[in-house]
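Quick note: the coordinates plus some simple rules give every number you see, no bench work behind them. None of these values were measured; they are calculated from a predicted model. Cβ coordinates were reconstructed from backbone atoms using ideal geometry, including for glycine residues, and neighbour counts include every protein chain displayed.
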Amino acid sequence: MRRSISCTTRSKRRGERNNIDYRFITKQRFDEMVKQNAFLEWACVLDNFYGTLGEDVTAILQKGNDALLCIDVQGAEEVSKKNPEAVSIFILPPDLTELKRRLIERGEPLKEVDKRLALAKQELQKAGNYDYIVINDRLHKALEMIKSIIYAQRCKTEKKRRGI
């Protein structure tokens, strides 16, 4: 499995590295890439743009790997429309109080924390559209659940993968 590195127009957070955590690009460059139809999915989230390059996902799949996309609800909906066989996992915190604590801990300004919490409340309403839901209360446990989902998906028969 390989993670696709998303593009974003937002500023780097403390500790993030270009081309590892995200590809940090300008709004102008992002717009050019949208016009070139370079993105498998893209969305505007809290005044910043995020997108997954189609060529990155294709390259991962052509090497025989599964592609892991860390994307928001808008992006997941777009991917599901284009690739109905894609498996979606909604990862959520144990509760909004814990989410707030995590956002503050990673250095988000309080004004952004409130925006992100409001967005999270909206996104939680779409969790039922996903194939799986994992509550990230303890990282090790959440990772084990995600691994189990991946292994189960790999064991499905071809007929089941195609939805027949």
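Quick rundown of the values:
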| item | result |
| --- | --- |
| Among 80, 88, 148, residue whose mean-square fluctuation peaks in a GNM of the chain (springs only between Cα atoms under 10 Å) | 148 |
| Projected area averaged over orientations for the chain, convex hull of C-alpha atoms, nm² | 10.4 nm² |
| Overall form of the range 87-164 per C-alpha gyration tensor (a/c, 1.5; a/b vs b/c) | prolate |
| Check: the chain dipole with +1 on Lys, Arg Cβ and -1 on Asp, Glu Cβ, in debye | 320 debye |
| Ranked list, fewest to most other Cβ atoms within 10 Å of each Cβ, for 17, 3, 116 | 17, 3, 116 |
| D_trans [Stokes-Einstein, Kirkwood Rh over alpha-carbon pairs] for the range 10-96, 37 °C, 0.692 mPa s, µm² s⁻¹ | 228 µm²/s |
| Calculated P(r) tail over 15 Å for the range 33-80, as whole % of Cα pairs | 46 percent |
| Average Cα contact separation per residue, the range 1-137, under 8 Å, 6 or more apart, as relative contact order % | 24 percent |
| Cβ-defined net charge surrounding residue 123, 13 Å radius [Lys, Arg +1; Asp, Glu -1] | +2 |
| Within the chain, percent of DSSP bridges classed antiparallel, to nearest 5 | 45 percent |
| Sorted by Cβ density within 10 Å, fewest first, the residues 155, 7, 70 | 155, 70, 7 |
| Set of lysines with alpha-carbon distance to residue 156 below 28 Å, sequence-local pairs under 8 removed | 63, 81, 82, 126, 141, 147 |
| Simple label model, 7 Å out from Cα along Cβ direction - residue 97 to residue 26, nm | 4.6 nm |
| Residue 16-residue 157 pseudo-label distance in nm [points 7 Å out on the Cα-to-Cβ vector] | 4.5 nm |
| For 137, 47, order by how many other beta-carbon atoms lie within 10 Å, fewest first | 47, 137 |
